[in-house]
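A short reminder: the numbers here are calculations on the coordinates, not readings from a lab. Keep in mind that this is a model prediction, so the values were computed, not measured. Using ideal geometry, Cβ is built from the backbone for each residue, glycine included, and neighbour counts are taken over all protein chains shown.
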Amino acid sequence: MKAAAAAGTWKLGDLEVNRVGYGAMRLTGNGMMGNSDGPPIDRAAAVRLLHSAFEQGVNHIDTAAFYFSPLRSANELVNRALASWRDDVVVVTKVGPGRAPSGEWLAMARPEELRGQVEENLRQLGQDHLDVVNLRSDGMDSIAEHFGALAELRAAGLVRHLGLSNVRPCHVAEAGKIAPVVCVQNAYGLDWRRSDESGLVDLCGEQGIAFVPFFAISGLRREAAAARDRDARLHTVARAHGATPAQIRLAWTLHRGPHILAIPGTTDPAHLAENIAAGALRLTEEELALLDAPDETDD
């Protein structure tokens, strides 16, 4: 069994994927969402990294046309890496927000503009259809018109399945009346539990929808690399498993339910292997209770 299969599988519609995947945003280096993770990875090194992920069983990649920096495009790198793996890897992208070539963020796309965004993803990824497209809401009260436009593209064969990103439970209900929702992608992790507070994680599980956390390792620092964790409880659990705190964070999210998929991103082959290996960790009920216990003090 390949390492990424250790946590089991879940289906995005009719597409079965291992629960540990890969998020491509970090491949772009400086310039994407204001992060400061250093220069972008060399193109050849990026392709080798992605091939290593595929060889270890990763068959779910998260990307977007707006994941780019002055020197790198995540979609371009994914396209290159997929040359010999195209039938084996499910690619999930997202639409809604856009960025000018200068990197400046643009206003949310209008419903009639989403086709252009889908076609740009198709061009960059070298595909004739997209496996999964997430609509990123970015604060919209209603997503009905936008999701309806994507449902039309699904009916036309440009998109196979639809999902949502950065949404609330009401959006899931609204979208589900229009077309099937196969995944929901929201910020979520040990220190970032608004989706628990809103009931979104459980709602997705009840409806058979994959819940895909982003920033699961980074905690409250979000897209920045995780800071050295000062939480003694997390380190206690990590030591018990001979694991890193980042691996325990990933394992914690995967224990939240069988419908949780992980998409940690990295440009470091060693960290890639560690992230994938986290899927094999089995936390005890006592360890989960320890991690879930409220902090005695606030920093």
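Backbone amide hydrogens, once placed in the peptide plane, bring Ala210 within less than 5 Å of Cys183, Val184, excluding anything fewer than 5 places away on its chain. Each part reduced to its alpha carbon centroid, region 123-201 and region 250-299 end up 24 Å apart.
Under 16 Å of direct C-alpha separation, and excluding same-chain neighbours fewer than eight residues apart, Lys11 reaches no lysines at all. Computed from backbone phi with θ = phi - 60° and the Karplus coefficients 6.51, -1.76 and 1.60, the 3J(HN,Hα) list for region 281-290 is 6, 10, 7, 7, 4, 5, 5, 5, 5, 5 Hz; x is used for glycine and proline.
Axis angle, to the nearest 10 degrees, between helix 144-155 and the longest C-alpha principal axis of the chain: 70 degrees.
Report, in debye and to the nearest 20, how large the dipole of the chain comes out about its Cα centre when Lys and Arg carry +1 and Asp and Glu carry -1 on their Cβ.
Numbers: 30 positive and 39 negative charges, 133 e Å.
For this selection, approximately 640 debye.
Note on region 169-216: Rg/Rh from C-alpha atoms, Kirkwood Rh, equals 0.97.
Rounded, prolate or oblate: which one fits region 1-147, using the alpha carbon gyration tensor with axes a ≥ b ≥ c (rounded when a/c is under 1.5, else prolate when a/b beats b/c, else oblate)?
It comes out oblate by the Cα gyration axes.
Helix content alone sets the calculated 222 nm mean residue ellipticity of the chain: runs of n ≥ 4 DSSP H residues at -39500 (n - 2.57) each, divided across all residues, give -9500 deg cm²/dmol. Kirkwood analysis of region 121-214, using all unique Cα-Cα pairs, places the hydrodynamic radius at 13.6 Å.
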